[in-house]
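Working notes, structure below.
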Amino acid sequence: MLKIFNNDKTTAKDEVVLMIFVAICFLIGVAGIIWQYNTSTTVFGVLCIVTGVMFIPSIVWRLHENYKENK
């Protein structure tokens, strides 16, 4: 696996799922903004992007905490 998952392999699955969720939110958001079928599609796209951005600090925190030695 990746080097970022060296210390705590039990959370590796959670981190990957969280990264995939953020990527899907960005893709749906960008597609909604580009498509712009109506106003609600654009608003939904913006909300998906905001949701993805909101989870980025949690990814960074989980990866940062993964480097610490388990006690």
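The values are calculated or read from the model by the stated rules, or taken from the named source; none is laboratory data. As the structure is a computational prediction, the values presented were derived from the model and not from experiment. Because the Cβ atoms are built from the backbone with ideal geometry, glycine has one as well, and the counts that use them run over all protein chains shown. Note: areas computed on protein heavy atoms with side chains; ligands, DNA, RNA excluded. Shrake-Rupley method; radii C 1.70, N 1.55, O 1.52, S 1.80 Å.
Pick from ILE28, ILE59: which is β-branched (Val, Ile, Thr), surrounded by 12 or more Cβ atoms within 10 Å (Cβ to Cβ) and modelled with pLDDT of 90 or more?
Going through ILE28, ILE59 in turn, the sole match is ILE28.
When the residues of region 31-45 are filtered to those that are farther than 29 Å from ALA12 by Cα and touching a residue at least 12 places away in the same chain (Cβ under 8 Å), which remaining residue is surrounded by the most Cβ atoms within 10 Å (Cβ to Cβ)?
GLY32
Looking at ASN6, is it of a type in the set (S, T, N, Q), surrounded by 16 or more Cβ atoms within 10 Å (Cβ to Cβ) and modelled with pLDDT under 90?
The answer is no for ASN6.
Within the set of pairs 6+ apart or on separate chains, which have a first residue in region 1-18 that is farther than 20 Å from PHE55 by Cα and in a loop (DSSP other than H, G, I, E, B), a second that is open to solvent by less than 60 Å² (accessible area, probe 1.4 Å) and modelled with pLDDT of 65 or more, and C-beta atoms under 7 Å apart?
MET1/ALA12; ASN7/ASN66; ASP8/ASN66
Considering only residues that are in contact with a helix residue (DSSP H, G or I) (Cβ under 7 Å, 6 or more places away or on another chain) and either farther than 17 Å from GLU15 by Cβ or open to solvent by 80 Å² or more (accessible area, probe 1.4 Å) (or both), which ones fall in region 46-56?
Those that are in contact with a helix residue (DSSP H, G or I) (Cβ under 7 Å, 6 or more places away or on another chain) and either farther than 17 Å from GLU15 by Cβ or open to solvent by 80 Å² or more (accessible area, probe 1.4 Å) (or both): VAL46, CYS48, ILE49, THR51.
What's the number of the condition GLU65 fails, among (1) modelled with pLDDT of 85 or more; (2) surrounded by 10 or more Cβ atoms within 10 Å (Cβ to Cβ)?
Looking at each condition in turn, GLU65 falls short on (1).
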